[in-house]
Every structure is written in C-alpha cells, then in structure tokens.
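Coordinate-derived values only; no laboratory data. All figures in this text were calculated on a predicted structure; none of them were measured in a lab. Positions of Cβ are backbone-derived with ideal geometry, glycine not excepted, and every protein chain shown enters the neighbour counts.
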Amino acid sequence: MPEPALHEIATLDEVDRDGAVREAAEAVRGDTRAAFFRKGGVLAGVGLAAALPGGIALAQGTPKSDVKILNYALTLEYLEAAFYAEAIAMGKLDGVTATFAQVTGAHENEHVAALQQALGSAAVKKPQFDFKGTTGSEGTFLRTAQTLEDTGVAAYQGQAGRIKTPAVLASAGAILAVEARHAAWVRDIIGAGQSPSPAPAAFSKPLTMKEVLDAVGQTGFIKS
Amino acid sequence: MTPDLTPLKKFDTDGALQEAADGLTRSSLFRRGGLLVAGGLAAGALPAAIVAAQGVPKGDIAILNYALTLEYLEAAFYRKALDDGALKGQYRRFAQVAGEHEQAHVEALKKALGGKAVKRPSFDFGGVTADQATFAQTAITVEDLGVEAYQGQAGNIKTPAILAAAISIHPIEARHAAWIRSIVGGGSGEPSPAPAAFNPAKDMSAVLAAVQGTGFITMDRAESGSAVTAQPQMTG
C-alpha cells in the first residue's frame with residue numbers, strides 16, 4: 001500500500017487553499033520575505049545567544065542563510081511539537097503509541113526550545129495549526145506521524161550541504177538522527193517491521209526547502 | 001587518548017586514517033575550484049573513483065575509508081548472523097534488510113574510493129551472532145555507534161558530494177538503530193528507539209577505540225605467520 005503523501009493527510013475537509021494558508025506557506029518560504037526574518041538575517045542585535053544543542057553558541061555574524069535554515073527547522077519543529085501535544089491531549093492513544101507520542105513530543109519540544117533560544121529575537125513566531133482531525137484516532141495519528149517524521153528527515157538532510165556554520169551543522173546532524181529514529185519507530189509500530197519498513201531504502205533521500213514547504217502548505221495544517 | 005590503531009594500520013595505506021584520527025584534517029586542506037558539485041547526484045550516489053579526481057582532500061579519503069571499515073563490519077555482522085540461523089521473525093527480517101543496506105553502503109564507498117579503498121578486514125564476532133538476544137544487543141551497539149560516527153565526521157568533510165553521501169547514510173543507520181531497539185522493546189518502549197532529543201556524536205578516535213574494544217576486527221591469518229592455512233579472502 002503506498003505511503004500517504006503529505007497532501008493526502010487532510011482527511012476531513014478539503015485542504016484549505018485560501019489566501020491565509022498560501023500566504024503562510026509563502027511567508028515561510030520566500031527568500032525576500034523580510035517579515036519572516038524580522039531582524040533581517042544576521043543576528044546583529046542578539047549577541048551571543050544561548051547554546052544550540054551540543055553547547056555551542058550562535059554567534060554574531062552568523063550567515064543569513066543559516067538563520068533562514070534554523071527558522072525553517074523551527075517552523076517544522078513547531079508543527080511536530082503541536083501535533084504531538086494535540087494528539088496526547090486528545091487521549092485516544094494507547095500502549096506503545098502513547099509512549100511514542102510522549103517521548104517524541106518531548107523531543108520536538110526540546111528542539112523548539114533549543115532553536116528558539118539560539119535564534120533569540122530572530123526566531124519566527126509559532127504559527128497557528130489545524131491538524132484536521134488527524135489526532136483524533138490512533139490510526140490517522142500514526143500515519144500522519146510517519147509522514148511528518150519522514151518529511152523532517154528529508155528536510156534536515158536537504159539542508160545539511162547548505163549550512164555554513166559548523167555549530168549549526170552539528171546541531172542539524174544531531175536532530176536529523178533523532179527524526180530518523182522517530183520515523184523508524186513509528187513505522188515499526190504501524191507495520192511490525194514489514195510494511196511500512198522502518199528503513200525503506202539503503203540511502204535516505206533529501207528534499208529541498210521548497211519541496212517541503214509546498215507539501216506542508218498543501219496539508220493545510222498551518223493556519224496562520 | 002589516541003587509540004591503538006594497530007589492527008587497522010595495515011589498511012591505512014597512505015597514513016590518511018591515522019592523520020585523520022590525529023585530527024589533522026583541517027587547515028592544511030582546501031577545496032580546488034569546480035570540484036565535484038553535489039547537485040544532480042542521486043541520494044547515496046558517489047561518482048566512481050571520486051578520490052581519483054583532482055583535489056579530493058586526504059582527510060575526505062580517510063573519512064570514506066573509515067566509513068567503509070565500519071560498513072564492512074556491519075555487513076559482515078549481519079551476514080554472519082543470518083548464516084548462523086538463530087534469528088527468527090522480526091529479528092531475522094531486520095538483519096536481512098539492514099544487512100542489504102550495509103552491503104549497499106560498502107559497495108558505494110568502495111566504488112567511490114576505487115584503488116584507495118581499504119581492504120575488507122577479517123572479523124570474528126565471537127559467537128554473539130549465534131544467539132538472538134546477544135545479536136540484538138550487539139546490533140544496538142553497532143548501529144548506535146554508526147550513527148555517532150557519521151555524525152561526528154559531517155563537519156570534517158570538505159567535498160560536497162561526499163558530505164551528501166554521508167548525510168544520506170547517517171539517517172539510515174539511525175533508522176536501523178531505532179528499529180532494532182523497537183523490536184527488542186516490544187511494546188514497552190525500553191530500550192527507547194530514540195533515547196535522547198539530540199543524538200550524540202563521537203569523534204574518530206572514540207569510535208575506533210570502541211570498535212577495537214569489541215575485538216571483532218582480527219588480524220588476517222595469513223599475516224600472523226602461523227602455520228594455519230590462510231582463510232579464503234572474502235570479497236564483500
């Protein structure tokens with residue numbers, strides 16, 4: 001059975017393609033969207049921000065492109081964290097699925113906190129989300145989690161070669177591995193190691209920022 | 001503490017591996033212009049004999065050979081486990097799939113290194129593969145170590161295509177690690193497939209020390225000078 005693409009996950013309503021969603025997706029994506037990076041990239045006014053994972057500080061003079069990548073990561077982490085928080089709050093999860101949601105959600109919260117702390121005033125604000133009822137049953141929760149985690153892996157992988165700051169690369173690598181662990185874990189919960197395979201290929205495939213943000217935009221999960 | 005790399009030294013044909021382990025991979029190296037743009041390469045694909053191309057730094061060659069050594073070990077481990085026949089159900093499936101992946105990693109790295117590839121070492125897994133539980137615990141250790149190893153090198157790699165390849169393997173090792181932990185844990189969540197929010201990294205000396213500590217890599221019999229007939233050379 002083919003794995004659900006991100007855009008197939010919205011189960012209840014038609015994907016909300018109105019201006020609010022499109023605008024949100026474009027704001028996250030655009031190179032020239034100053035509103036997204038309110039302080040314009042380099043962390044000029046921030047000084048030495050608190051440590052990224054690994055105990056490394058994000059220094060002044062960090063390239064604009066690295067700040068953009070960190071904010072991209074933060075947006076995805078906001079989404080994952082909010083998804084797991086809602087799923088836990090819905091109370092429909094049992095056994096190892098509940099454990100997975102708790103553990104994974106806690107990790108995504110830590111990722112959010114670390115990225116926010118590193119970015120300081122350059123951090124994008126948390127969007128508003130609508131998970132379209134996917135948190136309301138164990139089955140849709142699991143399938144959605146699988147796709148979100150797989151997408152997270154591809155997103156981090158897609159940025160690794162573009163990162164200029166060693167500390168940022170180290171952090172991205174540390175998170176990438178954990179998103180891959182999440183992805184394998186949830187796949188194993190769903191399919192007991194058969195289908196979907198926890199490790200579907202010998203080499204992981206990256207996605208570009210545009211590919212990821214397009215897919216996220218199509219889910220309608222980001223309301224504003 | 002610099003590990004004793006004696007078991008691996010014979011593979012370090014130009015001192016690159018030792019040099020990398022000593023951390024001398026940085027300031028003396030530089031990228032030549034126009035080299036090996038990563039764009040357009042399929043995930044995991046490295047050009048054949050990439051290291052024969054001009055300008056691939058010695059440190060990158062050492063890292064590829066380091067990765068190849070670890071992949072040789074993993075591939076051999078899974079093959080031995082399957083041959084031993086003690087694995088059932090999800091354990092067996094895991095070993096089959098992970099083993100196929102590690103073999104694909106071996107082949108890709110060998111192809112990229114061409115004549116600079118280290119030879120496959122001899123391994124002795126000391127019976128851990130003959131029992132499902134010890135196999136699983138060892139797989140957890142080996143896969144976790146693989147994740148830490150790749151992660152520890154990402155920042156050292158100078159060639160974009162090589163970084164892209166390493167970053168395409170690193171998450172797969174992480175998937176393997178989580179998978180076998182999930183199997184062992186059943187529905188209990190312990191051992192956790194994802195034990196921490198940020199995966200730790202290990203530098204090359206720490207990984208090599210850990211590998212050496214397992215005792216899995218042995219001397220070739222032919223080199224030991226003993227009267228025992230040399231083992232057939234395996235070409236994996």
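Scoring B:129-141, B:66-78 by mean Cβ neighbours within 10 Å over their residues and listing the highest first yields B:66-78, B:129-141.
Averaged over residues, the count of other Cβ atoms within 10 Å places the peptides B:191-200, B:119-128, A:103-112 in the sequence A:103-112, B:191-200, B:119-128, highest first.
For the stretch B:78-108, the residues whose amide N sits under 13 Å from a probe point set 7 Å from the Cα of B:A130 along the beta carbon direction are B:81, B:84-86. By the gyration tensor of its Cα atoms, with a ≥ b ≥ c the square roots of the eigenvalues, what is the shape of the stretch A:91-131: rounded for a/c under 1.5, prolate for a/b over b/c, or oblate? Since a/c reaches 1.5 but b/c is at least a/b, the shape of the stretch A:91-131 is classed as oblate. Near B:Q103, once Lys and Arg are set to +1 and Asp and Glu to -1 for all other residues with Cβ below 12 Å from its Cβ, the sum equals -2.
Pairs from the list A:K126/A:K205; A:K126/A:K223; A:K64/B:K158; A:K68/A:K125 with a Cα-Cα gap above 19 Å: A:K126/A:K205; A:K64/B:K158. Label-to-label distance for A:S195 and A:R162 is 3.4 nm, based on points extended 7 Å past Cα in the beta-carbon direction. Note on B:148-158: average number of Cβ atoms from other chains within 10 Å of each residue's Cβ is 3. Each residue of the stretch B:65-77 was assigned a 3J(HN,Hα) from its phi angle through the Karplus expression (A = 6.51, B = -1.76, C = 1.60, θ = phi - 60°), giving 5, 4, 4, 4, 4, 5, 5, 3, 4, 5, 4, 5, 4 Hz with x at Gly and Pro. Close amide H pairs (under 5 Å, H built 1.01 Å from N) link B:T218 with B:S122, B:F123, B:D124, residues at least 5 positions away or on another chain.
Within 10 Å of the Cβ of each residue in A:145-157, the mean number of Cβ atoms contributed by other protein chains is 1. Close amide H partners of A:I222, meaning residues 5 or more places away or on another chain with modelled amide H under 5 Å apart, are A:D130. Shielding by partners for peptide A:86-97, expressed as the average number of C-beta atoms from other protein chains within 10 Å of each residue's C-beta, is 1. Coupling constants for the stretch A:122-129 follow from the phi torsions by the Karplus curve (6.51 cos²θ - 1.76 cosθ + 1.60, θ = phi - 60°), and in residue order they are 7, 6, 5, 6, 5, x, 8, 10 Hz; glycine and proline get x.
Here the stretch A:141-183 has an Rg and Dmax of 11.2, 36 Å, counting Cα atoms alone.
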